[in-house]
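> Here you go, one structure.
The values are calculated or read from the model by the stated rules, or taken from the named source; none is laboratory data. Here the structure is a predicted model, which means the values were calculated and not measured. Glycine also receives a Cβ, built like all others from the backbone with ideal geometry; neighbour counts cover every protein chain displayed.
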Amino acid sequence: MLLCTMAFLCSCANFGDDDDRAQKTGADVYVYDFEDLGIELLKNNEYISLNYDSSGIYGLKKSNNDGHINYSFSRIKNGQTRAEEILIGSGNTRFDYLCTDNNDNFYVLRTIYPDKKGVDNINDDYEYSGKGEKKLVKYSPSGDQIWAAALTTQDAAGYIRDMAYVKEIGILTCSTEGLSLYDELTGEGKAIVSKDKGDIHGDRELLVSPDGTVYAVETDSSWKYIVYEFDTKKMNLGKKYNIPKEVPMGAKFFTGTDNDFYYIDKNCIYAFNKGDEKTRKICDLIDSAFYADNIVLLFEKSEDEYEIIADYNTASSRAFSMRKKDSQSDEKKSITIGITTSDSYVRQQVNIFNQENREYNIILTDYTENSLLGYHSAYGRLLEDMQKGKGPDILILSSYSDMCDLRSKGFLEPIDSYLRNDVEISSNKYIENIAGAIKENGKQFAIMPYFSINTCAASSEFLGDEAVSLSNYRNLCNKHNVKIQNVMGTMNFAGADILYETSGFDFIDIKEKTCDFQNYNFINLISLIREVKRAEDSDIYKPLDSNCYIENKSMLLPYVISSFEDYRIIRDGYFKSDIFFNGYPSIGGGISYIEPGMMLSINSRSEYKEKAYEFIRYFLLDEYQYSIEWGFPVYENALDLLMDKSTRARYYIDDSGKRVDTNSTITIGKREFVITPLTTSEASYMKEFICSLNKLQYRDPEIVSLISESVKPYYIGDITAEKASSLVQHRIEKYLKDNNS
């Protein structure tokens with residue numbers, strides 16, 4: 001989303017008046033109550049510009065309907081929950097930036113290209129080599145064009161980076177060449193500041209305060225922020241003020257009334273005035289139990305009352321009011337969530353839960369922050385807390401191996417009885433093999449809302465009905481004239497860990513904590529990897545490209561499948577022939593793995609198990625299951641909907657009301673491939689394949705590292721394959737024994 005350009009890159013720290021906080025009484029000194037205003041701003045749309053003015057929220061909206069782009073001016077007036085939209089262009093027209101005046105007129109930068117390619121093939125307006133006609137355009141509140149002004153020579157020579165309305169004067173633009181001012185009534189423009197005056201690093205941005213004062217914020221030669229107040233009499237940058245030194249690089253600034261400026265990091269909101277040496281903490285978002293991926297907008301309504309727009313990486317943004325918490329209000333009981341993988345829906349649902357619940361608050365602990373490799377990774381930090389009895393009530397896990405480890409240590413609560421007694425869930429039909437795969441000894445310890453598939457595809461026309469395994473790949477290479485080092489296509493030696501993570505785990509019984517690497521199948525596995533290394537080390541080495549499957553130079557394509565459309569990409573994009581899913585070569589054939597998207601569990605020592613279940617159940621319900629766009633939902637009806645959707649052509653309605661079919665494209669090597677709909681039989685085959693899987697991928701980086709280190713001497717010729725397999729056996733046996741407690 002283009003809103004991501006407004007993301008806050010700074011890290012949380014306690015700046016300003018921590019001593020002042022210590023002198024105040026009450027834990028709620030920086031705590032606010034948040035209320036969702038019921039406005040869904042973003043859903044499969046992008047706001048190029050989004051802001052507040054005296055009339056409410058307004059934005060420049062870009063809607064992409066299967067390749068057909070529309071631009072609209074969107075406004076949500078104060079007290080309303082639905083947006084009023086005015087279509088201002090589509091086709092070969094592009095719009096950038098947006099500001100409004102005191103009469104609700106709005107101004108945009110418009111570029112008209114000679115053809116639609118000018119809009120389709122660029123991320124940034126100025127990367128397109130074609131000639132587009134750029135003008136600054138003024139529209140009335142109803143969307144009628146009032147004037148379209150040619151850019152100043154200065155703006156036309158560079159490109160505009162920001163613009164702002166100067167009260168009763170006109171539009172101030174900030175370009176790579178300097179500042180220009182356009183008359184409010186006529187649009188006539190003139191350059192007022194050239195680029196050699198300030199803007200050392202090209203990061204100048206324009207801010208407008210509620211009273212109409214315009215500021216320019218940028219960094220100086222020491223990379224410290226400074227701010228200028230625009231002088232409307234001299235028509236140039238006026239007095240310069242320093243911004244407190246603790247404000248980090250990448251901060252996004254907002255203006256206010258009680259405070260001149262605000263900025264937000266991931267966890268806190270701070271304020272300062274012109275000339276202040278320190279910032280003041282206004283709100284601690286974590287203490288307030290409020291979570292978002294980014295906060296992209298803040299508007300000060302009155303003292304201790306604000307409106308914000310929170311952005312989630314789910315193509316959705318929500319507007320909230322925030323008010324200083326009443327010190328006399330009842331304290332809520334805290335339920336904690338520990339996350340080892342980031343999911344925007346979790347943050348959204350936490351906010352919904354907290355607002356709907358008068359007795360409980362959910363507090364997030366993000367173990368992915370500041371995590372290091374090895375034991376001090378996100379999971380290592382979580383496990384340490386669990387072992388100390390300080391673990392969170394709810395656990396959001398990133399892998400099946402983490403869930404198994406916690407379950408074996410007795411830290412996870414079985415949730416079978418919760419699911420059976422939940423009428424809404426027990427009456428739904430979930431994919432049986434997926435539901436069965438997640439169970440351990442007949443019990444379920446986690447909810448897995450969605451999944452992908454890690455597999456290897458092969459050409460059925462090339463290989464016939466022969467599955468590639470660790471025992472037969474050499475024979476198949478000889479039979480089909482494929483070099484052994486090319487079995488896995490473009491996989492190189494540096495990427496060989498993918499075989500340790502998949503085929504390598506076929507030699508381990510995780511449940512029984514045993515392993516058997518001293519056999520010819522494992523030797524065949526490391527022999528294959530050695531052939532890859534030998535080929536790379538040779539003087540005549542020439543790596544394969546993506547055409548290797550079409551040219552029958554390789555047999556297996558490793559691929560993570562996350563949609564039905566991936567079938568078309570694999571079949572017609574890579575192979576151009578009928579395919580089957582062989583899986584990774586294993587002892588008895590090939591194995592395809594279920595790759596969990598995330599796993600939600602309940603701490604067996606939690607005091608709030610019922611409430612914990614009340615939260616995690618949401619991820620099995622219709623609202624979430626039907627929202628899944630990457631990966632496969634576990635609710636069968638939601639899966640069937642995706643299957644049906646994959647067989648139908650995508651389309652949009654053009655400006656004349658006609659239906660226009662369209663398809664997505666993907667680049668494979670140097671080829672652009674058009675993804676056409678699946679046939680009914682192809683979609684059914686994909687579902688049958690999904691319903692045939694029964695093995696979750698067990699990812700343990702420590703085991704992978706031990707295998708890799710143990711076999712390294714074999715690859716450089718220092719030891720035999722038998723010796724390498726013996727080393728692996730010894731080290732993995734010891735690791736499993738040490739971790740069986």
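> Could you give me the residue pairs with C-beta distances under 7 Å whose first residue belongs to region 196-215 and is touching a residue at least 24 places away in the same chain (Cβ under 8 Å), whose second residue is assigned to a loop (DSSP other than H, G, I, E, B) and surrounded by fewer than 16 Cβ atoms within 10 Å (Cβ to Cβ) wherever it lies, and which are 6+ apart or on separate chains?
Pro210/Thr257; Gly212/Lys167
Table: residues versus (1) closer than 24 Å to Ile628 by Cβ; (2) surrounded by 16 or more Cβ atoms within 10 Å (Cβ to Cβ); (3) modelled with pLDDT under 85; (4) touching a Lys or Arg at 6+ places or on another chain (Cβ under 7 Å).
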| position | (1), (2), (3), (4) |
| --- | --- |
| Tyr312 | yes, yes, yes, yes |
| Lys332 | no, no, yes, no |
| Gly338 | yes, yes, no, no |
| Val346 | yes, yes, no, no |
| Asn351 | yes, yes, no, no |
| Glu356 | yes, no, no, no |
| Glu359 | no, no, no, yes |
| Leu364 | yes, yes, no, no |
| Leu373 | no, no, yes, no |
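> Check whether at least one residue in region 216-226 is more than 30 Å from Ser288 (Cβ to Cβ) and in contact (Cβ under 8 Å) with a residue 40 or more places away in the chain, and report yes or no.
yes
> Only one of these conditions is not met by Asp385: (1) part of a helix (DSSP H, G or I); (2) farther than 30 Å from Ile579 by Cβ; (3) touching a helix residue (DSSP H, G or I) at 6+ places or on another chain (Cβ under 8 Å). Which number is it?
All conditions are met except number (3).
> Identify all residues within region 512-530 that are buried (at least 18 other Cβ atoms within 10 Å of the Cβ) and either of a type in the set (Asp, Glu) or not in a helix (DSSP H, G or I) (or both); write none if there are none.
Cys515, Phe517
> Is one or more of the residues making up region 279-295 within 22 Å of Ser54 (Cα to Cα) and at pLDDT below 90?
Yes, the conditions are met somewhere in region 279-295.
> What are the pairs with Cβ atoms under 6 angstrom where one residue, in region 623-646, is farther than 17 Å from Glu595 by Cα and the other, located anywhere, is of a type in the set (Asp, Glu)? Sequence gap at least six, or different chains.
These pairs meet every condition: Ser646/Glu565.
> I need every pair where a residue in region 476-498 that is assigned by TED's automatic domain parsing to the domain that holds Lys712 and in a helix (DSSP H, G or I) has its Cβ under 7 Å from the Cβ of a residue that is of a type in the set (Gly, Ala, Ser) and surrounded by 12 or more Cβ atoms within 10 Å (Cβ to Cβ), sequence separation at least 6 or different chains.
Gln485/Ala535; Asn486/Ser554; Asp497/Ser708
> Would a scan of region 655-668 turn up a residue that is closer than 30 Å to Tyr549 by Cβ, within 29 Å of the chain's Cα centre (by Cα) and aliphatic (A, V, I, L, M)?
yes
> For region 152-195, which positions are buried (at least 20 other Cβ atoms within 10 Å of the Cβ) and farther than 18 Å from Thr232 by Cα?
Correct list: Thr152, Gln154, Asp155, Ile160, Ser175, Glu177.
> Residue check: is Asp509 out of contact with any strand residue (DSSP E or B) (no Cβ under 8 Å at 6 or more places or on another chain), surrounded by fewer than 16 Cβ atoms within 10 Å (Cβ to Cβ) and either under 17 Å from Ser592 (Cβ atoms) or assigned by TED's automatic domain parsing to the domain that holds Leu706 (or both)?
No, not satisfied.
> I'm told Lys266 meets every condition in (1) among the basic types (Lys, Arg); (2) at pLDDT 90 or above; (3) in contact with a Cys (Cβ under 6 Å, 6 or more places away or on another chain) except one. Can you identify the failing condition by its number?
Failing condition for Lys266: (2).
> What's the number of the only condition in (1) in contact (Cβ under 8 Å) with a residue 24 or more places away in the chain; (2) buried (at least 16 other Cβ atoms within 10 Å of the Cβ) that Arg534 fails to meet?
Just one mismatch for Arg534, condition (2).
> Still on this model: In region 455-466, which residue that is surrounded by fewer than 17 Cβ atoms within 10 Å (Cβ to Cβ) and part of a loop (DSSP other than H, G, I, E, B) is modelled with the highest pLDDT?
Per the criteria, the residue is Gly464.
> I'm trying to understand the selection: among the residues of region 574-590, which are buried (at least 21 other Cβ atoms within 10 Å of the Cβ) and either more than 29 Å from the chain's Cα centre (by Cα) or over 26 Å from Arg699 (Cα atoms) (or both)?
Tyr574, Ile579, Asn582, Pro585, Ser586, Gly590
> Okay, moving on. For region 69-89, which residues satisfy the criterion of being more than 18 Å from Ser140 (Cβ to Cβ) and surrounded by fewer than 18 Cβ atoms within 10 Å (Cβ to Cβ)?
Selection gives Asn78, Gly79, Gln80, Thr81, Arg82.
> Right, another one. Which of the residues belonging to region 437-454 are of a type in the set (A, V, I, L, M), at pLDDT 95 or above and assigned to a loop (DSSP other than H, G, I, E, B)?
Ala446, Met448
> Please return the ranges of strands (runs of 3 or more DSSP E) entirely within region 554-616 where 3 or more residues are of a type outside the set (A, V, I, L, M, F, W, C).
By residue number, 593-596.
> Quick one: which residue in Ser469, Ser452, Ser460 is within 34 Å of the chain's Cα centre (by Cα) and among the polar types (S, T, N, Q)?
Selected residue: Ser452, the only one of Ser469, Ser452, Ser460 that is within 34 Å of the chain's Cα centre (by Cα) and among the polar types (S, T, N, Q).
> Give me the pairs, please: first residue somewhere in region 405-428 and loosely packed, with under 11 Cβ neighbours inside 10 Å, second residue anywhere and part of a loop (DSSP other than H, G, I, E, B), beta-carbon distance under 8 Å, and either six or more positions apart or on two chains.
Taking only residues 6 or more apart or on different chains, the pairs are Gly410/Ser604; Glu424/Leu621.
> Among what's in region 595-611 and is in contact with a helix residue (DSSP H, G or I) (Cβ under 7 Å, 6 or more places away or on another chain) and either surrounded by 22 or more Cβ atoms within 10 Å (Cβ to Cβ) or basic (Lys, Arg) (or both), pick the residue that is farthest from Trp630 (Cα to Cα).
Applying the filter and picking the extreme gives Ile602.
> Now for a separate question. Which condition breaks for Tyr608 when tested against (1) touching a Lys or Arg at 6+ places or on another chain (Cβ under 9 Å); (2) of a type in the set (Phe, Trp, Tyr); (3) under 25 Å from Leu499 (Cα atoms)?
It fails just one condition, (3).
> Taking the stated definitions as given, is Val227 assigned by TED's automatic domain parsing to the domain that holds Thr100 and more than 19 Å from Asp101 (Cα to Cα)?
yes
> Please pick out the residue among Arg731, Arg699 that is in the same structural domain as Ile510 (by TED's automatic domain parsing), at negative phi and more than 36 Å from the chain's Cα centre (by Cα).
Arg731
> Part of a strand (DSSP E or B), in the same structural domain as Asp162 (by TED's automatic domain parsing), in contact with a Leu (Cβ under 9 Å, 6 or more places away or on another chain) and at pLDDT below 80 - does that describe any residue in region 43-51?
Yes; the residues of region 43-51 include at least one that is part of a strand (DSSP E or B), in the same structural domain as Asp162 (by TED's automatic domain parsing), in contact with a Leu (Cβ under 9 Å, 6 or more places away or on another chain) and at pLDDT below 80.
> Another question, then. Which members of region 477-490 meet the condition of being aliphatic (A, V, I, L, M) and touching a helix residue (DSSP H, G or I) at 6+ places or on another chain (Cβ under 7 Å)?
Ile484, Val487
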